[in-house]
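Let me begin by presenting the structure, written as structure tokens, before commenting on it.
What follows is calculated from the coordinates using simple rules that are stated; it is not laboratory data. Every value quoted in this text rests on a predicted model; they were computed, and no experiment measured them. Cβ placement follows ideal geometry from the backbone for every residue including glycine, while neighbour counts extend to all protein chains displayed.
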Amino acid sequence: MEPRKRSLEGLTSVVTGGGSGIGAAIALALAREGAGLYLVGRRLEPLESVASKARDMGVRAVCHPADLSLSSGQLEVTKFLTHNLDRLDFLIHSAALHNAGLVEDGGLSDFDELYHTNVRAPLALTQALLPMLKDREGQIVFINSSSGVAAKPMTAQYDATKHALRAIADSLRGEINSYGVRVLSVYPGRTATDMQERIHRIEDKTYRPELLLQPSDVASVVMNALLLPRTAEVTDIHIRPMTKT
């Protein structure tokens, strides 16, 4: 029996937050279809774990640890990627930070860290890599949050960054569609990730990951959008757990 022809054989992707959660699930879904990976995240060990699985699928996987909450980290990553990449087909923004608390108690330094990670970093990387994406008629995916649609009490700082990320994606789409570049925003509800486990602890709730969205669920709908014929573009995906808790 002939091996299955992979849809993305020979293509190249960059995935931030690629060591865990939704980012890791999307990275491995891309690898299964033959796309090479450049994985960016804070810690090398989880990145290497994902990269090892991708290499077992026969694709190239490069890891680059970086702290995207720092301007210096963002600059270093953009330099690394622009120096090492000669083409790019997929840019997946999945790295994010979260915090919670009353508006009146929110530290501005905490907000700065959220802003740098959730807004400035994806903007900086997109700006740096856009020429390659235009050349390849590539695709950009912003993993946002249901908080990017409706702000809630106790998470104003986080929600504000996700609203800003939505604005960047929507504006960018209107600017670069004419170059053949597709831009997708994904708004997941509560997903079984390390971040969500921390959120449950903050809320003093029992963490039951089996009742939540799974990272693979989000990866599945993202891959369906990426693999659509070029006659179509999915702009926004809203996905939430089937079981409401």
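Cβ crowding within 10 Å, taken as a proxy for footprinting-reagent exposure, orders HIS200, HIS238, HIS116 from fewest neighbours to most as HIS238, HIS200, HIS116. Here is the list for segment 52-101: trypsin sites (Lys or Arg not before Pro) lying in DSSP coil, each with at most 12 other C-beta atoms within 10 angstrom of its C-beta, are ARG87. Taking the alpha-carbon distance from LYS152 and a cut-off under 24 Å, which lysines remain once sequence neighbours fewer than 8 residues away in the same chain are dropped? Filter leaves LYS162, LYS205, LYS244.
The phi torsions of segment 13-28, fed into the Karplus equation with coefficients 6.51, -1.76 and 1.60 and a -60° offset, translate into couplings of 9, 10, 10, 8, x, x, x, 7, x, 5, x, 5, 5, 5, 4, 5 Hz, rounded to whole numbers, with Gly and Pro shown as x.
If you build the Cα gyration tensor of the chain and take the root of 5 times each eigenvalue, what three semi-axes come out, in whole angstrom, biggest first? Intermediate values should be presented prior to the final figure.
On the way: eigenvalues 151, 84, 67 Å².
Computed over the chain, the values are 27, 20, 18 Å.
Remark: segment 200-217, residue by residue, has Karplus-estimated 3J(HN,Hα) of 4, 5, 4, 7, 6, 10, 6, 8, 10, x, 5, 8, 9, 4, 9, x, 5, 4 Hz, where x stands for each Gly or Pro and the curve is 6.51 cos²θ - 1.76 cosθ + 1.60 at θ = phi - 60°.
Full-extension gain between HIS238 and VAL103, please, as 0.36 nm times their residue separation minus the C-alpha to C-alpha distance.
Taking 0.36 nm per residue and subtracting the Cα distance, the gain is 45.9 nm.
Rounded to the nearest 10 degrees, the angle from helix 71-84 to the longest Cα principal axis of the chain is 10 degrees. Excluding same-chain neighbours fewer than eight residues apart, the lysines reachable from LYS79 by a Cα-Cα span under 23 Å are LYS134.
Sum -39500 (n - 2.57) across every DSSP H segment of at least 4 residues in the chain, then divide by the residue count to get the 222 nm mean residue ellipticity, nearest 500. For the chain, the value works out to -13500 deg cm²/dmol. Candidate cross-link partners of LYS5 among the lysines, defined by an alpha-carbon separation under 24 Å and a same-chain spacing of 8 or more, comprise LYS53. Neighbour counting of Cβ atoms within 10 Å sorts the residues THR16, THR82, THR231, THR206, fewest neighbours leading, into THR231, THR206, THR82, THR16.
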